[in-house]
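Read the figures in this text as sums done on the coordinates, not as results from a lab. Predicted, not measured: the structure shown is a model, and the values here were computed from it. Cβ sites come from the backbone with ideal geometry, for glycine too, and all protein chains shown count toward neighbours.
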Amino acid sequence: MLSDALRSEATRVESTIADGPIIHGGVTPQEIRAHLSQYDFSQPRTLEEVCTDVEGMLQKWQVHVTHPRYFGLFNPSVTFASVVADTLAAMYNPQLATWRTSPAAIEIEKHTLAWLAGKFGLPADTSATFTTGGAEANQSAVIVALTKAFPEYGDRGLRSLAATPTIYLSGEAHHSFSKIAHMTGLGRESLRPVATDSNLKLDLNHLARRVAEDRKTGFAPLMVVGTGGTTGAGVIDPLPDLASFCKAENLWFHVDAAWGGAAAISPKLRHHLAGIELADSITCDAHKWFSVPMGAGMFFCRHTDAVGEAFRVETSYMPPKLGTVPDPYTSSIQWSRRFIGLKLFLALAEQGESGYAGVIEHQTRMGEVLREALRQAGWRIVNATPFPLINFTRDGLDTTAFLSILHQRQIAWMSEVRLAGGAPVLRACVTSFRTTEPEIQWVVSEMSKVFEMSKVFHETEARRGSKEDLQTPAVR
Ligand SMILES: Cc1ncc(COP(=O)(O)O)c(C=O)c1O
């Protein structure tokens, strides 16, 4: 059986990951390219030989995001069921462009998405598709919003519009919107940054002022983006207020819940996303807090007709449509499409809803443990979120020196971020369901030592001193 062979490999990887390194030791492009130069493809090799070599490269030369002490951007540890699913999808290779060719796969996806749409509180006839990730889902939202607001946009383009559409979002929103504004032809200047309050939430008064000014000066306000868990700080914008504002102003309300959206399946956490049920569209990634391999995003939209209009196309070379069932290639950005949704379906079916919610609640609890341990150790927490993401700093911290030692000593992977354009602070997010409390306590105790070292490092660097003693891995 497929899963037996995979299970032994996955068990081997899983049993070694926690004791292995988190971070590669500063490999250079030249080193990797020199290794790859043995592959001139002139002679065949055995699959076993090449797989062993590739696995060796992956083990040696990457940041191990599935390590329990990886606290970086939301790249999760992955459930075994979702790895099996990805393999099955590759083996059967169903083409999800049309229902006629892949009825089983398409119905599995629809079934899974309908379940999640229900958790968000969206209507039963909500349109939903799996995407490559959150960026594609956000792009889908902008395209569908433009199509609904400006029926002439599809055929005659933005240049036919009397006024330039504008999109409102806080400076903490995801920067995929910058690329989307470029790609759709709106242009980056059509993004209207809205100020944030002291908790980094989008400021409603400033939003109202910006929209009013734009209307007065001849722009056509189109969309407000509320983020349900910002990338930098895990902040949830005031979703119910944004929904009311959008309704009153006739604006599209998009909720980007790329990573925080998974909280909707937890009875303990879902109230934090209140207001999401009023969204016109939602982005949620399965490849973040749902712990499945990349790439698996999801796009939900209550305006099914507008989705159909945005992505409609007719051609004789595609298999004819079956009855009234829409073909995915006419209701999404992608044409040929992988069976993305199987990894969420299989993992959900295996763990059950409560098992899955339990994992999300465990990570949230680990976030609380980390937050409290940092506070006790003298760090200053600078963000407020119910999600497991902590921004922190302390007087005299040089984030670059600190992170460099933390990484060199293989203590943990963390990153830095500037919130609201301020000074850099540290950012730690519990992205792995493998993270445990003893591990967190050990990391925090080591961080105090690293902080002291980073001050020395800073001074010795200034005097061009030796870094040797700082490169020894900390022993657990
Ligand atoms: C809030 C938010 N939106 C969108 C994205 C983009 O998602 P993806 O990387 O899956 O395209 C991210 C990625 O981190 C995110 O945090």
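Values for this structure:
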| item | result |
| --- | --- |
| Antiparallel %, DSSP beta bridges [both residues in the chain], to 5 | 55 percent |
| Rough spin-label spacing in nm, given labels placed 7 Å along Cα→Cβ, for Glu9 and Asn205 | 5.9 nm |
| Rel. contact order, % - alpha carbon contacts under 8 angstrom, at least six apart, region 83-212 | 14 percent |
| Computed E for Glu189/Val50 - FRET, C-beta separation, R0 41 angstrom, nearest 0.05 | 0.25 |
| Descending principal axes extents, region 318-464, alpha-carbon based, whole Å | 74, 34, 28 |
| Set of aspartates and glutamates with alpha-carbon distance to Lys201 below 16 Å, sequence-local pairs under 8 removed | Glu172, Asp237, Asp241, Asp256 |
| The chain, dipole about Cα centre (Lys/Arg Cβ +1, Asp/Glu Cβ -1), debye to the nearest 20 | 680 debye |
| Relative contact order (percent, whole number), region 19-93, Cα cutoff 8 Å, 6+ residue spacing | 39 percent |
| The chain: Cα Rg divided by the 2.2 N^0.38 Å rule of thumb | 1.04 |
| 13 Å beta-carbon shell around Thr164, net charge (K/R +1, D/E -1) | +2 |
| Estimated FRET transfer efficiency when R0 is 25 angstrom, pair Lys247-Thr304 (beta carbons, to 0.05) | 0.85 |
| Positive-end residue, region 63-179 charge dipole about Cα centroid, Cβ charges, pick of His111, Ser178, Ser127 | Ser178 |
| Per-residue Cβ neighbour rank within 10 angstrom, fewest leading, Asp40, Asp203 | Asp40, Asp203 |
| Order of Trp252, Trp442, Trp379 - criterion: other Cβ atoms within 10 Å of each residue's Cβ, fewest first | Trp442, Trp379, Trp252 |
| Relative exposure of His175, His254, His272, judged by other C-beta atoms within 10 Å (fewest first) | His175, His272, His254 |
| For region 31-109 and region 126-186, distance of Cα centres in Å | 31 Å |
| Gap separating the Cα centres of region 395-438 and region 204-275, nearest whole Å | 28 Å |
| Simple spin-label estimate for Glu314 and Thr217 in nanometres, 7 Å along Cα-Cβ | 4.3 nm |
| Of Lys60/Lys110; Lys148/Lys268; Lys119/Lys216; Lys148/Lys216; Lys179/Lys268, those spanning more than 28 Å from alpha-carbon to alpha-carbon | Lys60/Lys110; Lys148/Lys268; Lys119/Lys216; Lys179/Lys268 |
| Difference of contour (0.36 nm per residue) and Cα-Cα distance, Ala104 to Ala162 | 16.4 nm |
